[in-house]
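Just so it is clear, none of the values below were taken in a lab; they were calculated from the coordinates. The model shown is predicted, which means the values in this text are computed figures rather than measured ones. Cβ atoms come from the backbone with ideal geometry, glycine included; neighbour counts cover every protein chain shown.
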Amino acid sequence: MIQTTIFLIRHGETRWNSEGIFRGQSDIPLNERGLQQARATGEYLQAIDFDAIFCSPLSRARQTAVALCRDKMIQPQPVDAFIDISFGPWEGQAYSKLEALYPEAIKIWREEPENHQLEGAETLDEAKSRAFDKLVRLARVNIDKTIAIVTHRVILKLLLLAAVGLSSSAFWKVKQDTCCITLLEYSVAGGFIVVSLNETCHLQSYGKRHMQTDF
C-alpha cells in the first residue's frame, strides 16, 4: 500500500512550560533543557530521510524543527495552520493564578474541554479544524514520502483525536510530552493509522526531569 509516513513531534520545553504558564500563541523560546531535548530528538531521528519538515511559526517549534534538520539538505517550513491554539486573555498567566481567580472556567477546561470558550480565544474545535485540514492536505500531496510536523501539545492532541475520529471531549485522554514523537501512516484507502504514540525513549538520559504533567 502506498502511504505517507508522518512524524508528529512536540517542541521542547520552555520556561513557561516548567512554570505552569499558559503559552498559546505567545512566542516563547526553548529554555536550556528544551534545547537539549530538541538536540536529542534530532540525533534520534538522524537516520530518517525526511522529504519535508513542517512546523508551527512560533520560535519554540521552529527551534525544535531546526534540530531535526541538522546535517540534512532541507529546512523547516513554517505553516500557520500548525500554530498553537489561542488562549486569548489566559496567555502569560499561571494555571495556579487562574484556578484561584476563575475556578468555574478552569473546571470547564479540565472536565468539559470541548465547551471551553474564552473571549478573544479559539475553541478546541476551531483549532482542530484548521490544523487537521492542513494535515490531510499535506498527507495527500506527500504520498509515498516521509514528513515531520513540529507543533504544540494542544494541536497534537487535536490532530490525533481527529485522525482516529474522536471528538474534542476526549482531549485529556491523550498525552503529549515535550519533544515526544508520534508516528502516523496515511493512505487514501485507509485514512490515518496511529503507529506509535508519545515516544520519549530518546530523552531517557535526562531521567524523569523531562516528564511533565499534561501542561
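A protection proxy built from the mean count of other Cβ atoms within 10 Å ranks the segments 105-112, 177-184, most packed first, as 177-184, 105-112.
Which of Lys134/Lys157; Lys128/Lys157; Lys134/Lys175; Lys107/Lys173; Lys128/Lys175 have a Cα-Cα distance over 19 Å? Where the Cα-Cα span goes over 19 Å, the pairs concerned are Lys134/Lys175. Counting only alpha carbon atoms, the long axis of helix 32-44 and the longest principal axis of the chain meet at about 30°. Over segment 6-90, Cα pairs under 8 Å with separation of 6+ residues give a relative contact order of 33 percent. Sites listed here are chymotrypsin sites (Phe, Trp or Tyr not before Pro) in segment 119-210 whose DSSP assignment is loop and whose Cβ has at most 15 other Cβ atoms within 10 Å, and the list is empty.
In the chain, the calculated helix contribution to ellipticity at 222 nm averages -10000 deg cm²/dmol per residue, counting -39,500 (n - 2.57) for every DSSP H run with n ≥ 4.
Multiplying the residue separation of Val66 and Ile2 by 0.36 nm and subtracting their alpha-carbon distance yields 20.2 nm. Classify segment 166-205 as rounded, prolate or oblate, taking a ≥ b ≥ c as the square roots of the eigenvalues of its Cα gyration tensor: rounded when a/c is under 1.5, otherwise prolate if a/b is larger than b/c and oblate if not. Note, shape of segment 166-205 comes out oblate.
Compared with the dominant principal axis of the Cα atoms in the chain, helix 59-68 is inclined by about 20°. Each 10 Å bin from zero holds the following percent of Cα-Cα pairs in the chain: 9, 36, 37, 16, 2, 0. Judged by the gyration tensor of its Cα atoms, with axes a ≥ b ≥ c, segment 109-206 is oblate; a/c meets the 1.5 cut and b/c is at least as large as a/b. For segment 109-114, the Karplus equation 6.51 cos²θ - 1.76 cosθ + 1.60, evaluated at θ = phi - 60°, returns couplings of 4, 7, 9, 9, x, 5 Hz by residue, with Gly and Pro reported as x. Could you give the angle, 0 to 90 degrees to the nearest 10, between helix 124-141's Cα long axis and the longest principal axis of the Cα atoms of the chain? On a 0 to 90 degree scale, this one is about 0. Counting only lysines at least 8 places from Lys72 when in the same chain, those with an alpha carbon closer than 23 Å to its own are Lys145. In a simple Cβ point-charge model (Lys, Arg +1; Asp, Glu -1; nothing else charged), the chain has a dipole of about 420 debye relative to its Cα centre.
When the chain is described by a simple charge dipole with +1 on each Lys and Arg Cβ and -1 on each Asp and Glu Cβ, the residue from Tyr95, Gln117, Gln77 located farthest towards its positive end is Gln77.
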